[in-house]
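Asks: Handing you this structure, nothing more for now.
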Amino acid sequence: MDKFFKISERGSNVKTEIIAGLTTFFAMAYIVITNPNQVTSFSTEGPLGQIWNAVYVASILVAVIGTLLMALYAKMPFAQACGMGLNSFFFVSFILPAMISGGDLIEGYQAGLVIILVSGIVFLIFSLTGLRTKVAKALPECLKKAIPAGIGLFIAFIGFQNVGIIQANPYTLVQFNDFHGAIKSGTFLTASLPALLALLGLMVIAILEKKKVKGSVLISIVGITVLYYIITGTTPSFDMSSVGQAFKDFGEVGITGVFKGSSWANAFTGEVIGGVLSAIMLVITFCLVDMFDTIGTLYGAASQADLLDENGDPIDVDKCMACDSIATVTGAVLGTSTCTTFVESAAGVGAGGRTGLASVVTAGCFLLCLFLTPLAKLVPSCATAPALIWVGVLMLKGFAKVDMEDVRSSVPAFLALIMMPLTYSISNGIGIGCIAYTLITLCTGKYKKADIAVTVIAVLFILRFCLITM
């Protein structure tokens, strides 16, 4: 096992890899429930209930398959699951139009699966031909250094939001948790306690890290979970009643979707999506977002794990991308939206994960969720949020290597850094950074043949921003 996963070679050990795998799982376990919620817009009634059940089972299965691929083929400590943002876009593009027009919701859902399948196949071709890897390596150095830092901010922002440390504000868009208002209104336990416990968890991680205690992130997750249940006086519970129905709907609605002729007709010629041109634009959009989300995540997590080659690119990046595209194709066949390499993998990397063994552990935990409906619910978000915020702290250090004296480097890097959390999208940050880099390079006479690839990426993102709303 040590030789297969290169555990000793990468300076790790079995215990650390197990802890890292558990940490990654708990950091991203929310996807088990969140993905079907996003695909159905939180509705579990009627046809949407059938879709919810099908997506629930498919989400877990694709997470298991995709993460095992990453573990056994790429041998990297990265996990895969259905991408956030893309699942909401799936609902808006395929299910919502059917709701508005009074059409068949399941037909809209299954037509969407066909689009995901086609985008996954295109993605797989890109990966097998090496084109996807060439795109990743064509990114300028300033963006390669800014992407991990931007992802760090994005991850931290997700953590802050998950527990209400950062809240919505109608005037300033965001604000700090209103502890005073929660105490005054008697809602402290629900409105502010999670935020307080998350901040406490972050301090626990920082103190244990300073004292060089192994497994600091996992210790914090377990400790804050126990503390949460003690303070709130609640007890975790399992709901086994819905397991049978979920598998039934998965078999009848989910896994059969892409094998129906009507699904393909609805995807490219029917009223569900709006014709061939709309279908092509949707395929391109899903490909673009998945490609650059994955590229960003791989560069960010690999940088954090010191798994970069002499050129600053992730080792075995071609294998990682192949795993990602195969998982997307698998997800479409099973009945769920685009599968991608998960940014929360960096939480496991931060806990010391360096090999595919960590991913095996993560995949095993997801498999348990399939039968313990759902294991993920046992860990409150206030226990996992500190892990995400801590990863944000770790990943920011790479930005210090950006040449801030050269505007051609500093402005694109800054835009990539800041736009990821502000637009809630890794791919948006990369796209805006590429556009800025191309414009500045063109207008300052520094344009070279090597910049053609970045220019193509910039043009594609300009088209996406103009033609598609996400």
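Asks: Could you grab me the full set of residues in the stretch 3-47 that are modelled with pLDDT under 90 and among the basic types (K, R)?
Replies: Hits for the stretch 3-47 are K3, K6, R10.
Asks: Only one residue in G66, G21, G49 is assigned to a helix (DSSP H, G or I) and either surrounded by fewer than 20 Cβ atoms within 10 Å (Cβ to Cβ) or not assigned by TED's automatic domain parsing to the domain that holds I389 (or both). Which one? Explain how you work it out, then say what you get.
Replies: On the way: G66 fails: either surrounded by fewer than 20 Cβ atoms within 10 Å (Cβ to Cβ) or not assigned by TED's automatic domain parsing to the domain that holds I389 (or both); G21 fails: either surrounded by fewer than 20 Cβ atoms within 10 Å (Cβ to Cβ) or not assigned by TED's automatic domain parsing to the domain that holds I389 (or both).
G49 is the lone residue from the list that is assigned to a helix (DSSP H, G or I) and either surrounded by fewer than 20 Cβ atoms within 10 Å (Cβ to Cβ) or not assigned by TED's automatic domain parsing to the domain that holds I389 (or both).
Asks: Okay, next question. Is it the case that the stretch 123-141 has a residue that's touching a residue at least 24 places away in the same chain (Cβ under 8 Å) and more than 30 Å from A450 (Cβ to Cβ)? Spell out the reasoning first.
Replies: Within the stretch 123-141, the first condition is being touching a residue at least 24 places away in the same chain (Cβ under 8 Å), and the residues that meet it are 123-124, 126-128, 130, 132-141.
Adding the requirement that they be more than 30 Å from A450 (Cβ to Cβ) leaves none.
No - not one qualifying residue is present in the stretch 123-141.
Asks: Any idea which residue in the stretch 153-184 is nearest to F26 (Cα to Cα), counting only those that are surrounded by 12 or more Cβ atoms within 10 Å (Cβ to Cβ) and of a type in the set (G, A, S)?
Replies: Here the residue is G159.
Asks: Step by step: first the residues of the stretch 417-454, then only those that are hydroxyl-bearing (S, T, Y) and buried (at least 18 other Cβ atoms within 10 Å of the Cβ), then the one that is farthest from the chain's Cα centre (by Cα). Which residue is that? Give the steps one after another, and end with the answer.
Replies: Let us first name the residues in the stretch 417-454 that are hydroxyl-bearing (S, T, Y), namely 423-425, 427, 437-438, 441, 444, 447.
Next, from what is left, pick out any that are buried (at least 18 other Cβ atoms within 10 Å of the Cβ): 425, 427, 437-438, 441.
Working: S425: 10, S427: 11, Y437: 25, T438: 27, T441: 31 Å.
Restricting to residues being hydroxyl-bearing (S, T, Y) and buried (at least 18 other Cβ atoms within 10 Å of the Cβ), the top hit is T441.
Let's see how each residue does on (1) buried (at least 24 other Cβ atoms within 10 Å of the Cβ); (2) part of a helix (DSSP H, G or I):
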position: D324; (1), (2): yes, yes
position: T328; (1), (2): yes, yes
position: A332; (1), (2): yes, yes
position: S337; (1), (2): yes, no
position: V360; (1), (2): no, yes
position: L367; (1), (2): no, yes
position: L370; (1), (2): no, yes
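Asks: Go through the stretch 1-18 and count every residue that is outside any loop (DSSP other than H, G, I, E, B) and exposed (fewer than 13 other Cβ atoms within 10 Å of the Cβ).
Replies: Step one: filter the stretch 1-18 for residues outside any loop (DSSP other than H, G, I, E, B), giving 2-5, 14-18.
After this cut, where a residue has to be exposed (fewer than 13 other Cβ atoms within 10 Å of the Cβ) as well, the list is 3-4, 15.
Number satisfying all stated conditions: 3.
Asks: So which residues in the stretch 161-186 are assigned to a loop (DSSP other than H, G, I, E, B) and over 23 Å from the mean Cα position of the chain (by Cα)? Walk me through how you get there before you give the answer.
Replies: Our first condition is that a residue be assigned to a loop (DSSP other than H, G, I, E, B); within the stretch 161-186, this holds for 163-165, 170-172, 177-178, 186.
Residues satisfying the conditions are P170, Y171, T172, N177, D178, G186.
Asks: Further, regarding this structure: So which residues in the stretch 296-313 are farther than 12 Å from E344 by Cα and hydrophobic (A, V, I, L, M, F, W, C)?
Replies: Correct list: A302, A305, L307, L308.
Asks: Another question, if that's okay. State whether one or more residues within the stretch 305-327 are at pLDDT below 75 and not acidic (D, E).
Replies: Looking only at the stretch 305-327, we keep the residues that are at pLDDT below 75, and these are none.
Checking the stretch 305-327: not a single residue is at pLDDT below 75 and not acidic (D, E).
Asks: Moving on. Within the stretch 35-55, count every residue that is out of contact with any strand residue (DSSP E or B) (no Cβ under 9 Å at 6 or more places or on another chain), under 19 Å from G331 (Cβ atoms) and among the β-branched types (V, I, T).
Replies: 2
Asks: Okay, next question. If you take the residues of the stretch 452-470 that are free of Cβ contacts under 8 Å to residues at least 40 places away in the same chain, of a type outside the set (A, V, I, L, M) and in contact with a helix residue (DSSP H, G or I) (Cβ under 8 Å, 6 or more places away or on another chain), which of them is nearest to R408 (Cα to Cα)?
Replies: If we take residues in the stretch 452-470 being free of Cβ contacts under 8 Å to residues at least 40 places away in the same chain, of a type outside the set (A, V, I, L, M) and in contact with a helix residue (DSSP H, G or I) (Cβ under 8 Å, 6 or more places away or on another chain), then T455 is nearest to R408 (Cα to Cα).
Asks: Hey, can you tell me all the residues within the stretch 245-296 that are acidic (D, E) and modelled with pLDDT of 80 or more? Full working, then the answer.
Replies: Applying the first criterion (acidic (D, E)) to the stretch 245-296 yields 249, 252, 271, 290, 293.
Passing the criteria: D249, E252.
Asks: Quick one: would you say D403 is at pLDDT 85 or above, closer than 23 Å to K137 by Cα and of a type in the set (D, E)?
Replies: yes
Asks: Which one of these does I457 not meet: (1) in contact with a Pro (Cβ under 7 Å, 6 or more places away or on another chain); (2) more than 14 Å from F154 (Cβ to Cβ)?
Replies: (1)
Asks: Still on this structure, I have one more. Got at least one residue in the stretch 295-309 being surrounded by fewer than 21 Cβ atoms within 10 Å (Cβ to Cβ) and over 30 Å from K6 (Cβ atoms)?
Replies: No: zero hits.
The values are calculated or read from the model by the stated rules, or taken from the named source; none is laboratory data. Here the structure is a predicted model, which means the values were calculated and not measured. Here Cβ is always computed from backbone atoms with ideal geometry, including for glycine, and neighbour counts include all displayed protein chains.
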